[in-house]
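Down below is the structure, laid out as structure tokens.
What follows draws every value from the coordinates through simple rules; no lab data is involved. Keep in mind that this is a model prediction, so the values were computed, not measured. When we count neighbours, we look across all protein chains shown, and the Cβ atoms used for this are built from the backbone with ideal geometry, even at glycine.
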């Protein structure tokens with residue numbers, strides 16, 4: 001029978017990947033975790049009597065054989081990450097020491113932790129709500145400094161606080177509506193004509209709805225910082241695509257020669273541009289070719305262009321704008337679904353002709369001329385794709401959504417509130433409006449985990465890395 005989330009049995013996992021390193025960290029938590037670890041720790045009594053938030057030095061040993069010298073950080077419930085008795089065992093790095101310590105721990109009764117099980121227990125024991133649990137994995141997966149800042153903001157509780165504040169407002173509105181439903185007008189001393197078709201605390205309901213709309217609009221921006229954007233460099237052979245790719249990466253990843261058609265297939269790498277994670281792709285030169293390998297490469301490049309979030313089209317300044325360039329620009333400018341930046345390359349040897357300065361960015365992938373301006377243009381084009389483009393990329397202090405799950409639930413709460421307010425405007429009975437208010441409250445409760453099911457929780461935490 002497979003292990004399940006939700007028990008309190010002692011678990012262990014690597015918190016750092018085993019390999020060639022100075023140290024390896026092994027995490028333990030659960031019922032009798034300290035007592036079980038003391039079975040293979042020497043001196044055992046030193047570990048058993050250790051206070052919480054202290055570090056103990058000793059050896060992991062089995063059958064009088066020393067396995068490794070370790071430092072053990074001791075955390076006693078409830079003052080630990082999981083809310084249970086926990087240990088962080090710091091042993092030597094390498095491929096063997098950590099595994100030997102791990103196998104020794106398992107002889108005492110520890111089992112392998114499931115993905116995200118430590119954070120799951122933190123949630124179940126009231127240490128973190130679901131928004132902060134999700135931010136833990138966001139922090140581990142952050143691709144840029146800006147993404148890290150946004151994840152830390154949610155980990156500190158900004159989103160949880162905003163959700164709870166909005167929910168408190170809606171609960172107040174709902175309570176007022178239910179009072180009118182539960183008691184007659186005579187019992188509450190209200191004028192029937194005064195309350196007919198009116199939503200109690202309607203001003204508060206409108207404010208909550210506005211805050212939900214603002215929160216919902218944050219997802220598109222946050223998705224960019226989490227998932228990144230695909231920027232595809234395209235152009236004719238020998239336009240300098242690979243040189244630009246290497247310059248933006250600040251490393252020699254693409255092979256660069258003076259022979260056209262050197263790049264036969266697209267390659268990609270991650271780069272941070274003004275805090276935005278960009279999946280940058282260098283593609284084969286766009287031209288008709290009889291070479292089978294180059295032909296396949298060109299076809300793959302065209303397919304990648306359909307997936308791109310932004311296209312960086314290079315013009316070979318040494319040759320000038322060709323008919324092929326004009327056709328590509330015209331075809332892709334007609335599509336409003338993704339931005340197209342036209343780049344005049346080799347500006348160090350060929351200046352951009354007059355009349356193109358407004359729509360074309362002049363750069364030299366060889367000398368770096370104009371690259372800073374290009375990076376700003378890329379970042380601006382991506383931000384303009386966001387519904388809240390007015391907000392800056394480094395605005396990490398305001399509450400914002402961090403997952404598609406959160407986005408869908410806020411959208412559900414918004415829809416319920418919109419319908420409730422529309423019914424109130426039409427002076428419909430409160431017994432039609434109250435269930436919609438309750439639906440919005442429940443959706444917000446599900447975001448923080450106040451309302452949840454075992455299946456939803458298992459689906460969420462199974463996507464975490466082991467050891468978190």
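Bins of 5 Å, beginning at zero and ending with the bin holding the largest distance: percent of Cα pairs per bin for region 96-154, please.
P(r) over region 96-154, rounded to whole percents: 4, 17, 17, 15, 14, 14, 13, 6, 1.
With a 10 Å Cβ neighbour count serving as the proxy for reagent exposure, in which order, fewest first, do 42, 201, 218 appear?
Ordered by Cβ neighbours within 10 Å, fewest first: 42, 201, 218.
When the Cα centres of region 411-457 and region 1-57 are compared, how far apart do they sit, in Å?
43
Note the listed values (i) 93, 60, 45; (ii) 69, 53, 42; (iii) 86, 78, 37, then indicate which one is Cα extents along the principal axes in Å calculated from this particular structure.
(iii)
Counting each DSSP H run of 4 or more residues in the chain as -39500 (n - 2.57), what helix-only mean residue ellipticity at 222 nm follows after dividing by all residues, to the nearest 500 deg cm²/dmol?
-14000 deg cm²/dmol
Kindly put 55, 232 in sequence by how many other C-beta atoms sit within 10 Å of each C-beta, fewest to most.
55, 232
Taking the highest mean first, how do the peptides 31-37, 77-83, 131-137 order by number of other beta carbon atoms within 10 angstrom per residue?
Packing order, densest peptide first, comes out as 131-137, 31-37, 77-83.
If you restrict to DSSP beta bridges whose two residues both lie in the chain, what percentage is antiparallel, to the nearest 5?
Rounded to the nearest five, the antiparallel share is 60 percent.
Restricting the calculation to Cα positions, tell me the Rg (one decimal) and the Dmax (whole number) of region 11-124 in Å.
12.9, 39
So, by mean Cβ neighbours within 10 angstrom, what's the order for 454-460, 400-406, 175-181 with the highest one leading?
400-406, 175-181, 454-460
At 0.36 nm per residue, minus the direct Cα-Cα distance, what do residue 272 and residue 319 gain on full extension? Give it in nm, one decimal, please.
So the extension gain works out to 13.8 nm.
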